[in-house]
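The values are calculated or read from the model by the stated rules, or taken from the named source; none is laboratory data. Keep in mind the model is a prediction, meaning the values are calculated, not measured. Note: ideal-geometry Cβ built from the backbone for every residue, glycine included; neighbour counts use all protein chains shown. Surface accessibility is based on the protein's heavy atoms, side chains included, excluding ligands, DNA and RNA. Shrake-Rupley method; radii C 1.70, N 1.55, O 1.52, S 1.80 Å.
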Amino acid sequence: MKYKITLKGRTYEVEVERGEAMLLDEYDAKAPVQAAPVANLAPAAPVAAAAPVAAAAETVAGTPVPAPLPGNILTINVKAGDAVKAGDVLLLIEAMKMENEVTAPTDGVVKQVCVDKGQVVATGDTLLVL
C-alpha cells in the first residue's frame, strides 16, 4: 500500500509491502493558503428571498419520478405526451463518471418533464411526472 506522510514540513511518499517500507518520493509540503480577511462593509439592503427552483416550475398531478441519486442529467429520452411502459429508460444521470438509467416505475403517459439536459439534481428531486 502507498501512503503519504508529512513530518516537520516534509512529505514522504512510502510504499509498504509485508512489513518492509520503501521510500518512493520526498518533497516539501506546502502550507494551505489562507483567505484574506474581508473588510467591514456597510450592510447591504435586504434582498427578497428567491423562490426555490422546484417551486418555480409547478408540477402537475400524477406519479412523480424522483432522482434515485445526485448527479448531472445527460440525456432525456422522453417528452411530454409520450407513452411509456414500466422499465422504459426515461433519462440518464451521470454520477461519479457512471451513467445511470432512470426507468419508468409504471406504464403511463409523460405529463411533464421537470429537468433539462445538463442540470444538476439531488436525490429525491422530481425528474418528471407520469
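Only residues that are within 15 Å of residue 63 (Cβ to Cβ) and either over 19 Å from the mean Cα position of the chain (by Cα) or open to solvent by 50 Å² or more (accessible area, probe 1.4 Å) (or both): list them for segment 91-112, please.
Selection gives 103, 104, 105, 106, 107, 108, 109, 110, 111, 112.
Exactly one of these conditions fails for residue 50: (1) assigned to a loop (DSSP other than H, G, I, E, B); (2) at pLDDT 60 or above; (3) over 17 Å from residue 126 (Cβ atoms). Give me its number.
(2)
Restricting the first residue to segment 89-116 and requiring it to be among the small types (Gly, Ala, Ser), which pairs with a second residue that is open to solvent by less than 50 Å² (accessible area, probe 1.4 Å) and part of a loop (DSSP other than H, G, I, E, B) meet a Cβ separation below 8 Å and a spacing of at least six or different chains?
95/69; 104/87; 104/130; 108/62; 108/130
Somewhere in segment 84-95, is a residue in contact with a helix residue (DSSP H, G or I) (Cβ under 8 Å, 6 or more places away or on another chain), modelled with pLDDT of 90 or more and outside any strand (DSSP E or B)?
No; the residues of segment 84-95 include none that is in contact with a helix residue (DSSP H, G or I) (Cβ under 8 Å, 6 or more places away or on another chain), modelled with pLDDT of 90 or more and outside any strand (DSSP E or B).
So is residue 79 farther than 14 Å from residue 63 by Cβ and not aliphatic (A, V, I, L, M) or not?
The answer is yes for residue 79.
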